[in-house]
Amino acid sequence: MSEQKKGQSIEEKQYLVRFNADTKSHLHVKDPDICMTSCPDKICTIFCPAEIYKWEDIRMHVGYEGCHECGSCRIGCPHQNIKWEYPKGGHGIVFRLG
Amino acid sequence: MSEKFDCIVVGAGPAGISCAHELAKGGAKVLLLERGEYPGSKNVMGGVLYRKMMEDIVPEFYKEAPLERPVVEQRFMMMDKESAVTFGYKGMEWAKEPYNNFTVLRAKFDQWFASKAVEQGAVLVNETVVLECIVEDGKVVGVKTDRPNGEVYADVVVLADGVNSLLAQSLGFHKEYQPDEVALATMEVLKLDKKIIEDRFNLEENQGCTIELFGDATKGILGTGFLYTNKDSLSIGVGTLLSGLIKHKIKPYELLEYVKNHPMIRPYIQGSESQEYLAHLIPEGGFKSMGKIVGNGVIVIGDASQLVNAIHREGSNLAMTSGRYAAETILLAKQAGDFSENMLDTYRMRLMSGFVGQDMQKYKDSTHHFNKFPQYFDEYIPMLNKAASQMFTVDGMSKWEKQKKIWSDLGTGKEKMKLARDMYRAWKVIK
C-alpha cells in the first residue's frame, strides 16, 4: 500500500496553498443563462485545476478564493463566457515554493 | 507614482527580471512592476534552470543563488500502464562548474534574482497590477496600475506579464489563445529526506536528477510528466494540452494523482509529504502562435510572447535571453532617442536570428503534429514497451522467433506502412 496519504483529493491539495483572497471576485460568468441552457458538459467544472467552478442546480458557483490564476477557464470555456481579470495587486494565490 | 522612467517592465518573472537587471546595469532608470506579494509568488515551473542563459546575466550566479541541485542525470521514461522503457544520460561533467542546469524552486529563486536587479538600481514595486497600457498617438507611453493615481510613464514599456498577457492582447498583438495552444500543468512539491532522495535516485550530495515522463503519464494525451529532485523535496507534475483535458474530460489533479500512483513512479515518492500544489498554463503553440512582439514604445518578452520550446522543456532560458535582448535594444534606442517600432524591431530581429528564434522555427510544427496524430503516445509507446518486454523475457523462445513475433505484432503490411510513415513524419517535424 502507498504511504502517500495527504494531498490526494483536490480539497486536500488546495489546503496546502496559501491564498490572500480579495473581498470581491476577479472571475465573472458573463451570461448565467448560457451555462444553464447551452452548456450541457459544463466542462470548466472538470478542467479547472482548483475545482473552483461548481454547478449548483441552476447556477455556476465560482469559488474565486481558491483560484490559481492559471487562465484555463478563460481559454477553455466553449462559449467564451468567463470574464477573467487579475486579482487586485498583492491578492490571490501566493506560491511559497515551486 | 508620477515620475517618468526610461522603461517600465511589467512582471517579475525570469524574462522581466532579466530585462530590468540589464537595463539598470546599462544605466537606465527602470521600474519593475510585480502583481504578486513578492517576485515568484505567482510563478510556477517544473524546476529546471539553465546555467548558460542565466550566466549571461549574472556571472557565477551558482555561487550565491538559492538553487536546489545541479542536474547530473536526465532520464526519459516511455511509459505504459505497468512498465516503462527508460533511457538517459548521466555525466560527471555536469556535477562541477560551470554546470549545465539546476533544479530550482521559483518562489525562492525569483526573489533572489529580483534582488540582483534591485542591486543594479532597478526600482521594484510589488503588489501592483497593470490594468492597461497608456497609448497616445499610436504609441505606448506608460501604464495604468491599480494603485491610487497609478499612472506611470516611460519611453518604453516591456510586457513580461506571462502566458496570460492580457496587455499584449489588448494592444491587439495576438488573439486569445485556443485550448490547443496552451498546456495546463499541475505539480506538487513533496517533502522527502535528503538522504532518501540521494539513495533512491542514485545521487551523491549536491547532485540532482530529472526524469521526463511520456505516454501513460498523460494517459496517452499529448503532454508530459516530470519528476525532479530538489534539495530535500521532489517536484512532480504533469502537463497536457488544455484541449486534451477537455476532449477526454479529465480532471488535471486526478491525472496528477494517477502519475503519483503509477507503479513506475510510486516507489520514488513513497513516504513523502505534499507541501504545495500548483497549477499554471504553459504557452505551447510555438512559432505559429507568436503574435506581434514589438510596437511603438513597447516590447513583449518571455511567455507573453509564447517563447517556449515544448519539445525540450525549455522556457525560462528563452525568457531570460529575450529579456536581455530587449534591454540591449532599449539601451540603443535610448542613445538614439528613438523608441519607434522600427527602432525597437532590432530586438525581434536579434531574437529570431539567434538560438531562440531558430529553435522556435525548428519545432514550429511539432505540437500541432503530435496533437493531430495521437497514435505516438497512445499506440507506439505501448508497442515499444511490449516489444522490450518480449525481447527481454527469457521463456525458451528463440530470439529469432521473438523478433518475428514482435514484427508481426506491429500489424498488417498496411499498418506497418502507417507506422513507418508516422516515424518519418515525426522525424520531419523535429529534425
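Structure notes:
- Rounded to the nearest 20 debye, the dipole size of segment B:194-334 about its Cα centre is 500 debye, using +1 on the Cβ of Lys and Arg and -1 on the Cβ of Asp and Glu.
- Rounded to the nearest 10 degrees, the inclination of helix B:413-430 to the longest alpha-carbon principal axis of chain B is 30 degrees.
- Of all DSSP-defined beta bridges confined to the protein assembly as shown, some 75% are antiparallel rather than parallel.
- Across chain A, the longest run free of exposed loop sites, meaning trypsin sites (Lys or Arg not before Pro) lying outside DSSP classes H, G, I, E and B with no more than 15 other Cβ atoms within 10 Å, spans A:43-98.
- Filtered trypsin sites (Lys or Arg not before Pro), segment B:49-102: DSSP coil and at most 16 other beta carbons within 10 Å: B:81, B:96
- Partner shielding of B:238-251 amounts to 3, given as the average count of beta-carbon atoms from other chains within 10 Å of each residue beta-carbon.
- Since only B:358, B:373, B:299 are under comparison, the one whose Cα sits farthest along the positive direction of the charge dipole of segment B:293-419, derived from C-beta charges on Lys, Arg, Asp and Glu, is B:373.
- Dipole magnitude (debye, nearest 20) for chain B, charges at Cβ of Lys, Arg, Asp, Glu: 1560 debye
- Over the residues of chain B, the helix contribution to mean residue ellipticity at 222 nm works out to -10500 deg cm²/dmol, using -39500 (n - 2.57) for each DSSP H run of at least 4.
- Dipole of segment B:182-283, positive direction: furthest Cα of B:281, B:228, B:241, with charges on the beta-carbon: B:241
- Under 14 Å, Cβ to Cβ, from residue B:335 - net charge with Lys/Arg +1 and Asp/Glu -1: -3
- Counting only alpha carbon atoms, the long axis of helix B:106-120 and the longest principal axis of chain B meet at about 30°.
- Annotation: the antiparallel percentage among DSSP beta bridges lying fully within chain B is about 70.
- Within the same chain, aspartates and glutamates fewer than 8 places from residue B:428 are excluded, and of the rest, those with a Cα less than 16 Å from its Cα are B:359, B:365.
- The 3J(HN,Hα) values that the Karplus relation (6.51, -1.76, 1.60; θ = phi - 60°) gives for segment B:13-21 are, in residue order, x, x, 5, x, 5, 4, 5, 5, 4 Hz. Gly and Pro appear as x.
- When chain B is treated as a Gaussian network with alpha carbon springs shorter than 10 Å, the biggest mean-square fluctuation among B:136, B:314, B:68 belongs to B:136.
- Selection from B:170, B:211, B:138, by position along the positive dipole direction of chain B (Cβ): B:211
- Only Lys, Arg, Asp and Glu carry charge here, each on its Cβ (+1 for the first two, -1 for the last two); on that basis the protein assembly as shown has a dipole of about 1400 debye about its Cα centre.
- Pairs from the table (B:90/B:191; B:292/B:334; A:13/B:108; B:231/B:431; B:90/B:404) lying more than 32 angstrom apart at Cα are B:231/B:431; B:90/B:404.
- A straight Cα-to-Cα reach below 18 Å connects residue A:88 with the aspartates and glutamates A:22, A:65, A:69, B:34, B:37, B:127, B:132, B:146, B:151, B:161, residues fewer than 8 places away in its own chain not being considered.
- Among the trypsin sites (Lys or Arg not before Pro) found in segment B:215-318, those both in a DSSP coil and sparsely packed, with 16 or fewer other Cβ atoms within 10 Å of their Cβ, are B:231, B:249, B:292.
- Restriction of the trypsin sites (Lys or Arg not before Pro) in segment B:153-207 to DSSP coil positions whose beta-carbon has at most 13 other beta-carbons within 10 angstrom yields B:175.
Where a number appears in this text, it was derived from the coordinates with a stated rule and is not lab data. Quick caveat: nothing in here was measured; it's all calculated off a predicted structure. So basically every Cβ, Gly included, is an ideal-geometry build from the backbone, and we count neighbours across all protein chains shown.
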